[in-house]
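Inspection log for the structure reproduced underneath, given as structure tokens.
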């Protein structure tokens, strides 16, 4: 029988793509989709019992409270889900590989094109919890942190990808204001999943950046997605991050993914190029 691989957050965007692509990309694993319907990950007693019962040989930990406003409103809950759950899984998987999905937002965005050796400086509760969880994971030389950026695609509930958020707003007739000077490295989640399954085969744990090959502003991203949905009559307005009155936002958290690129058999794509090559994909 193939060894068991746990995918936490399997009902989310990246987790779902990992599960869906596994039959072709990771047939050597028996995939166990860990969802909220199956278990509350913050019930550590139940989590430990499930681990003992199933004895997974790999954990890919995608589950998180990932929306920054929710984390700002309830930092205790954010820490419980993003840090304490990660710590419990890291303890359980002390003898096996664990891959933790982190975020480009651990950086303050003052320079962009971040590499793995750059110092983190989180500006939000969400980013703080991710940075703290990274520290815990990397204490074990068997474990890996993959920092990624904006992921897009089709999630089970239709609300997890950045493209889905834009499309839902336009379907509701909303006009969106997007920053021309806030930059990320967007990537299709299906590419993230493909890269993760390839990475698993290499057995080279550590800290890596896994993001798109193109730095784009929120405004540029919005224009790319709007072009996919002309029937919605999408309306976007440009603005500057300097006008934002909420919590601090990193102006440029773009990632340099050259380290992991050396391990992959395919080039990490630009979002512009990928959309051109996949004109019929729901995105």
Completion exercise
GNM of the chain, Cα pairs under 10 angstrom: of 102, 240, 149, the biggest fluctuation goes to 240
Practice task
Throw me the Rg/Rh for the chain, computed over C-alpha atoms with Kirkwood Rh, two decimals.
Solution key: 0.95
Problem - Share, in percent, of DSSP beta bridges within segment 1-106 that are antiparallel, nearest 5 - result: 0 percent
Exercise for the section: Quick one: grab Rg to one decimal and Dmax as a whole number for segment 113-182, Cα atoms only, in Å. Expected result: 16.3, 49
Handout entry: Relative intensity, log₁₀ I(q)/I(0), of segment 187-250 from a Debye sum that treats every alpha carbon as a point, q = 0.19, 0.21 Å⁻¹
Key = -0.92, -0.98
Handout entry: Centre separation in Å (Cα based) which lies between segment 216-283 and segment 118-180
Key = 13 Å
Fill in the blank from the handout: Asserting the computed 222 nm helical MRE of the chain (DSSP H runs at least 4 long, -39500 (n - 2.57) per run, divided by residue count, to nearest 500) equals -10000 deg cm²/dmol
Practice task
Figure the gain on full extension for residue 202 and residue 52 (residue separation times 0.36 nm, minus the Cα-Cα span) and round it to one decimal in nm.
Solution key: 51.4 nm
Exercise for the section: Compare 232, 271, 101 in a GNM of the chain, Cα atoms joined below 10 Å, and give the one with the largest fluctuation. Expected result: 232
Handout entry: Inter-label distance, nm, simple model (7 Å from Cα along the C-beta direction), residue 237/residue 277
Key = 3.7 nm
Exercise for the section: Specify the residue with the greatest mean-square fluctuation among 79, 111, 147, computed from a Gaussian network of the chain linking alpha-carbon atoms under 10 Å apart. Expected result: 111
Practice task
Mind running the shape call on segment 1-70? Use the C-alpha gyration tensor, a ≥ b ≥ c as the square roots of the eigenvalues: rounded below 1.5 for a/c, prolate if a/b tops b/c, oblate otherwise.
Solution key: oblate
Fill in the blank from the handout: Gyration tensor on Cα atoms of segment 27-101, a ≥ b ≥ c root eigenvalues, a/c under 1.5 rounded, else prolate if a/b beats b/c, else oblate, says prolate
Problem - Solvent-free Debye scattering, log10 I(q)/I(0), computed from the Cα coordinates of segment 1-152 at q = 0.20 Å⁻¹ - result: -1.34
Fill in the blank from the handout: Taking a ≥ b ≥ c as the square roots of the eigenvalues of the Cα gyration tensor, with a/c under 1.5 meaning rounded and otherwise prolate when a/b exceeds b/c and oblate if not, segment 152-235 is prolate
Completion exercise
Per residue, the convex hull enclosing the Cα atoms of segment 121-267 spans a volume in Å³ of 130 Å³
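Read-outs: derived from the displayed coordinates by stated rules, not from any lab. Only a predicted model underlies this, so the values are computations on that prediction, with no experimental measurement involved. Ideal geometry is used to build each Cβ from the backbone, glycine not excepted, and the neighbour counts take in all protein chains shown.
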